[in-house]
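The values are calculated or read from the model by the stated rules, or taken from the named source; none is laboratory data. Computed from a predicted model, the values in this text were never measured in an experiment. Neighbour counts run over all protein chains shown; Cβ positions are idealised from the backbone, glycine included. Surface accessibility is based on the protein's heavy atoms, side chains included, excluding ligands, DNA and RNA. Shrake-Rupley method; radii C 1.70, N 1.55, O 1.52, S 1.80 Å.
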Amino acid sequence: MAPWRVVNEIAQGRRTLGAGVGWFSGLALTRRPEVLREVAGYAMQAHITAADGRAGVARSGVKPTANSSVMICMDPPRYAFAGLPAAEHVKAFRVLVSVFAVADTRRRETYCKGACDRVHRRAG
C-alpha cells in the first residue's frame, strides 16, 4: 500500500495509528527511511506549527524527550527523520503521522470548511 494512503487514512480517522504502525513495521528496514522522508514531506506541506507538534507528540504515544518528538517541536521543525537510527524509525513514524493528522485536521477545519472532503471523495 502507498504511504500517502496510509497516512491520509490515519489523519482522517479511517485507520488507527496502531494499524498504520503495523503497516510501517512490516516494511523492509531498507524501505523505512524512504517512507519517513515521504511522510516528513507531507508534514512540511501541512505547514505544521509548534502547537501542532506538541499536540501530535501527545497523540503519538511517544515520549516528549524522544529524538523524533524533540525534532518536530523545534522552531522551525527538523525533518531529518530518515537519518535516525533504525531502532527509532517506528517512533519517528508515529510522531510524523500524528503531527500531520493534527495539522491536516486544522487545515481542513480552517481552510476547507468541508470542501476538502467533497473534493477528496470525487478524486478518490
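Mind checking the alpha-carbon convex hull of the range 11-71 and giving the volume per residue in Å³?
Output value, Cα hull per residue: 100 Å³.
For the chain, what is the calculated [θ] at 222 nm in deg cm²/dmol (nearest 500), taking -39500 (n - 2.57) for each run of four or more DSSP H residues and dividing by its residue count? List each step's numbers first, then the result.
On the way: 7 runs with 78 residues, N = 124.
Result for the chain: -19000 deg cm²/dmol, rounded to the nearest 500.
Let me check I've understood the local charge: for HIS89, count other residues with C-beta under 14 angstrom from its C-beta, Lys and Arg +1, Asp and Glu -1. What total comes out?
Working: positive: ARG31, ARG32, ARG37, LYS91, ARG94; negative: GLU34, GLU38, GLU88.
It works out to a net charge of +2.
When ligands, DNA and RNA are left out and all protein chains stay put, how many square angstrom of accessible area per residue does the range 1-119 have with a 1.4 Å probe?
Ligands and nucleic acids excluded, the result is 51 Å² per residue.
Which trypsin sites (Lys or Arg not before Pro) in the range 1-81 pass both tests, a DSSP loop state and at most 15 other beta-carbon atoms within 10 Å? Intermediate values should be presented prior to the final figure.
Numbers: sites: ARG5, ARG14, ARG15, ARG31, ARG37, ARG54, ARG59, ARG78; in loops: ARG14, ARG15, ARG31, ARG78.
Those that pass, being in a loop and sparsely packed, are ARG14, ARG31, ARG78.
Which percent of the accessible heavy-atom area of the chain goes to carbon and sulfur, probe 1.4 angstrom?
Its accessible area is 56 percent carbon and sulfur atoms.
Set the Förster radius R0 to 22 Å, insert the Cβ-Cβ distance between LEU29 and GLU9 as r into 1/(1 + (r/R0)^6), and round the FRET efficiency to 0.05.
Once the sixth-power term is evaluated, E becomes 0.40.
Could you pull the Rg and Dmax for the chain, using just the Cα atoms, both in Å?
My reading of the Cα-based Rg and Dmax gives 13.7, 41 Å.
Give me a comma-separated list of calculated 3J(HN,Hα) values for the range 31-47, in order, Karplus coefficients 6.51, -1.76, 1.60 applied at θ = phi - 60°, integers in Hz, x for any Gly or Pro.
Couplings: 8, 4, x, 4, 5, 4, 4, 5, 5, 4, x, 5, 5, 4, 5, 7, 6 Hz.
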